[in-house]
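Right, one structure below, let's go through it.
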Amino acid sequence: MTQIEAARRGEVTPQMEFVALRENLSAELIRDEVAAGRMVIPANKVHIQKSLEPMAIGIASRCKINANIGNSAVTSDIAGELEKLHTAVHFGADTVMDLSTGGNIDSIRQAIIDASPVPIGTVPIYQVVQNLKDFLDLTPQHMLDMVEHQAKQGVDYMTLHAGVLREHLSKTMGRITGIVSRGGSLMAQWMMTHQKQNPLYTHFEDLCDIMYQYDVTWSLGDGLRPGCLADASDEAQFAELDTLGELTVRAWKKNNQVMIEGPGHVPMDQIPMNIERQIEVCKGAPFYVLGPLVTDIAPGYDHITSAIGAAIAGQHGAAMLCYVTPKEHLGLPDAEDVRQGVIAYKIAAHAADVARQRVGSRDRDDALSKARYEFDWNEQFRLSLDPERARSMHDETLPQETFKSAKFCSMCGPKFCSMRINEDMRKLAATGSMVELETVGAK
């Protein structure tokens with residue numbers, strides 16, 4: 001029985017109880033959100049037996065982030081990918097996707113699943129492409145077999161581009177960047193070559209049966225997402241979204257959990273509309289967005305351009321944010337790129353939680369602010385998203401050991417420190433000076 005099936009029967013599973021404690025929400029609320037399809041708990045029955053710690057993605061829970069790792073035909077190996085996994089989880093990634101497209105994919109994925117306490121996602125078509133001499137020889141059975149194979153390994157959620165239909169392809173021809181999704185472009189090429197409908201769409205119920213057996217969560221792929229600002233919110237993007245709304249209902253009828261993937265590159269002013277439209281079309285299924293990037297002019301800094309859009313998306317109802325690293329559009333990220341991407345997105349997700357006034361979301365901010373005012377450097381570092389980086393930046397500009405715990409930093413020094421000046425003012429106020437000033441002002 002899947003999580004959504006149990007929830008619909010009124011049952012609270014051990015995974016729901018675990019999630020409730022993590023989220024500081026009632027188990028009954030978690031159950032009701034899962035039953036309604038507004039929340040998913042990606043927890044493959046195989047991965048649950050290993051190191052997986054269940055988590056939830058949905059509008060009622062904290063805004064989550066995903067980190068992408070995986071090798072390419074050019075670089076990386078098992079050790080490198082496990083280092084990226086450790087880095088991502090250490091700095092707070094809620095899920096990790098293995099997007100390996102190079103060699104040794106099976107072994108890399110198995111090592112990642114075995115080591116990961118967070119849910120693991122994949123895009124099965126990548127391995128199908130690697131296995132076939134010519135991708136155009138793909139048959140529906142190839143996809144069914146690969147989905148089942150990865151489900152047996154313990155993959156918790158899978159991206160399948162089942163919403164890209166033949167009739168959508170003509171709508172992409174006027175775009176600047178065309179179809180930027182790897183899975184979406186592969187399916188488009190297959191459909192145009194064979195003049196047939198998307199096999200992931202025509203065999204959707206068969207795929208649902210496999211997902212059900214292992215309780216793999218659907219991550220319905222946005223194969224026609226915009227790859228630049230000029231292509232955002234166009235007819236092709238929304239035609240696919242309408243199909244994803246249809247597939248959401250079909251998956252729910254088969255007791256499958258579903259989340260929906262979203263755009264890519266979107267101007268800031270269009271982000272709220274995109275979120276609202278997805279929530280309406282897909283009937284509240286959790287929205288999992290890539291970025292979105294709010295400008296196209298900053299290669300090397302797209303973890304920043306996208307985190308801006310991610311914060312806005314999270315504020316308006318996106319349930320999970322897929323990180324972007326500084327290497328986006330440029331190359332395969334290494335462990336340091338993963339670190340920077342995760343931190344940028346933890347900031348975005350936390351900002352969204354604060355904006356949505358989720359229970360307890362600002363507690364850490366307030367505690368850090370108090371420590372900052374009191375010059376409790378160790379507590380300030382402990383509460384920060386990246387304690388090692390914060391401590392090193394503080395210490396490197398105060399070379400004398402006696403200054404490391406001083407009641408000032410190297411920006412202002414002791415003479416111009418506003419915190420120290422404020423403290424002096426409060427001491428004066430305690431002696432009655434504030435009353436004297438108010439009296440003078442009244443006169």
Taking segment 204-236 on its own, how many of its residues are open to solvent by less than 20 Å² (accessible area, probe 1.4 Å), part of a helix (DSSP H, G or I) and either within 30 Å of Val294 (Cβ to Cβ) or of a type in the set (Ser, Thr, Tyr) (or both)? 2
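Please specify each residue of segment 264-273 satisfying the condition of being out of contact with any strand residue (DSSP E or B) (no Cβ under 7 Å at 6 or more places or on another chain) and open to solvent by less than 20 Å² (accessible area, probe 1.4 Å).
Residues of segment 264-273 out of contact with any strand residue (DSSP E or B) (no Cβ under 7 Å at 6 or more places or on another chain): 266-273.
The answer is Val266, Ile271.
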Screening Ser51, Ser61, Ser72 for residues that are of a type outside the set (A, V, I, L, M, F, W, C), closer than 30 Å to Ser384 by Cβ and open to solvent by 20 Å² or more (accessible area, probe 1.4 Å) leaves only Ser51
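Taking the options Arg391, Arg420, Arg356, name whichever one is of a type outside the set (S, T, N, Q) and under 26 Å from His316 (Cβ atoms). Outline the logic, then answer.
On the way: Arg391 fails: under 26 Å from His316 (Cβ atoms); Arg420 fails: under 26 Å from His316 (Cβ atoms).
One residue alone meets the criteria, Arg356.
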It is to be established whether one or more residues within segment 138-150 are in contact with a Ser or Thr (Cβ under 7 Å, 6 or more places away or on another chain), part of a helix (DSSP H, G or I) and among the polar types (S, T, N, Q). yes
Selected residue [closer than 24 Å to Ser233 by Cα, charged (D, E, K, R) and either touching a strand residue (DSSP E or B) at 6+ places or on another chain (Cβ under 7 Å) or open to solvent by less than 30 Å² (accessible area, probe 1.4 Å) (or both)] from Arg109, Arg182, Arg166, Arg175: Arg175
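State yes or no: is Gly121 at positive phi and open to solvent by less than 10 Å² (accessible area, probe 1.4 Å)?
On the way: at positive phi: no; open to solvent by less than 10 Å² (accessible area, probe 1.4 Å): yes.
The answer is no for Gly121.
Name the single residue that is surrounded by the fewest Cβ atoms within 10 Å (Cβ to Cβ) among those in segment 331-378 being of a type in the set (Phe, Trp, Tyr), in a helix (DSSP H, G or I) and modelled with pLDDT under 95.
Restricting attention to segment 331-378, the residues satisfying the condition of being of a type in the set (Phe, Trp, Tyr) are 345, 373, 375, 377.
Going one step further and asking which of them are in a helix (DSSP H, G or I), we end up with 345, 373, 377.
Now restrict to residues that are modelled with pLDDT under 95: 373, 377.
On the way: Tyr373: 12, Trp377: 19.
In this case the residue turns out to be Tyr373.
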(1) in a loop (DSSP other than H, G, I, E, B); (2) open to solvent by 10 Å² or more (accessible area, probe 1.4 Å); (3) in contact with a strand residue (DSSP E or B) (Cβ under 8 Å, 6 or more places away or on another chain) all hold for Pro299 apart from (3)
What's the number of the only condition in (1) closer than 20 Å to Gln150 by Cα; (2) surrounded by fewer than 24 Cβ atoms within 10 Å (Cβ to Cβ); (3) touching a Pro at 6+ places or on another chain (Cβ under 7 Å) that Val89 fails to meet? (1)
The number of residues in segment 244-283 that are in contact with a helix residue (DSSP H, G or I) (Cβ under 9 Å, 6 or more places away or on another chain), among the β-branched types (Val, Ile, Thr) and part of a helix (DSSP H, G or I) is 4
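Considering only segment 302-330, state which residues are open to solvent by 40 Å² or more (accessible area, probe 1.4 Å) and either outside any loop (DSSP other than H, G, I, E, B) or farther than 23 Å from Pro272 by Cα (or both). Give the derivation first.
As a first pass, look at segment 302-330 and keep what is open to solvent by 40 Å² or more (accessible area, probe 1.4 Å): 304, 308, 315-316, 327-330.
Ile304, Ile308, Gln315, Lys327, Glu328, His329, Leu330 - these are the residues of segment 302-330 that are open to solvent by 40 Å² or more (accessible area, probe 1.4 Å) and either outside any loop (DSSP other than H, G, I, E, B) or farther than 23 Å from Pro272 by Cα (or both).
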Looking at the structure I just gave you, is Gln130 open to solvent by 50 Å² or more (accessible area, probe 1.4 Å) and farther than 30 Å from Asp296 by Cα? yes
Please name all residue pairs, on different chains or six or more residues apart, with Cβ atoms under 9 Å, provided the first residue is in segment 382-393 and is without any contact (Cβ under 8 Å) to a residue 40 or more places away in the chain and the second residue is open to solvent by 80 Å² or more (accessible area, probe 1.4 Å) and not hydrophobic (A, V, I, L, M, F, W, C). Leu383/Arg364; Ser384/Arg391; Arg391/Asn378
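So which residues in segment 45-58 are touching a residue at least 24 places away in the same chain (Cβ under 8 Å) and either of a type outside the set (A, V, I, L, M) or in contact with a Gly (Cβ under 6 Å, 6 or more places away or on another chain) (or both), if there are any at all? Let's see the steps before the verdict.
Taking segment 45-58 and keeping what is touching a residue at least 24 places away in the same chain (Cβ under 8 Å), we get 45-48, 50-58.
Lys45, Val46, His47, Lys50, Ser51, Glu53, Pro54, Gly58, listed by residue number.
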Would you please list the contacts, defined by Cβ atoms under 7 Å and residues six or more apart or on different chains, that run from a residue in segment 330-356 that is polar (S, T, N, Q) to a residue that is modelled with pLDDT of 95 or more? Gln340/His303; Gln340/Thr325; Gln340/Pro326
Among the residues of segment 20-41, what is the count of those that are crowded, with 18+ Cβ neighbours inside 10 Å, closer than 16 Å to Thr248 by Cβ and in contact (Cβ under 8 Å) with a residue 60 or more places away in the chain? 5
Could you run through segment 399-425 and say how many residues are modelled with pLDDT under 75 and either within 16 Å of Gln380 (Cα to Cα) or surrounded by 13 or more Cβ atoms within 10 Å (Cβ to Cβ) (or both)? 4
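Any residue at all in segment 97-104 that is among the acidic types (Asp, Glu), open to solvent by less than 20 Å² (accessible area, probe 1.4 Å), farther than 19 Å from Ser72 by Cα and under 26 Å from the mean Cα position of the chain (by Cα)? Walk me through it before giving the result.
Kept after step one, since they are among the acidic types (Asp, Glu), are these residues of segment 97-104: 98.
With the extra rule that they be open to solvent by less than 20 Å² (accessible area, probe 1.4 Å), the set shrinks to 98.
Now drop any that are not farther than 19 Å from Ser72 by Cα, which leaves none.
Scanning segment 97-104 turns up no residue that is among the acidic types (Asp, Glu), open to solvent by less than 20 Å² (accessible area, probe 1.4 Å), farther than 19 Å from Ser72 by Cα and under 26 Å from the mean Cα position of the chain (by Cα).
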Suppose we filter segment 156-177 for residues that are within 16 Å of Gly221 (Cα to Cα) and either of a type in the set (Val, Ile, Thr) or more than 21 Å from the chain's Cα centre (by Cα) (or both); how many remain? 6
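The values are calculated or read from the model by the stated rules, or taken from the named source; none is laboratory data. All values derive from a computational prediction rather than experimental measurement. Note that we place each Cβ from the backbone using ideal geometry, even for glycine, and neighbour counts take in every protein chain shown. Side chains included, ligands, DNA and RNA excluded: accessible areas come from the protein's heavy atoms. Shrake-Rupley method; radii C 1.70, N 1.55, O 1.52, S 1.80 Å.
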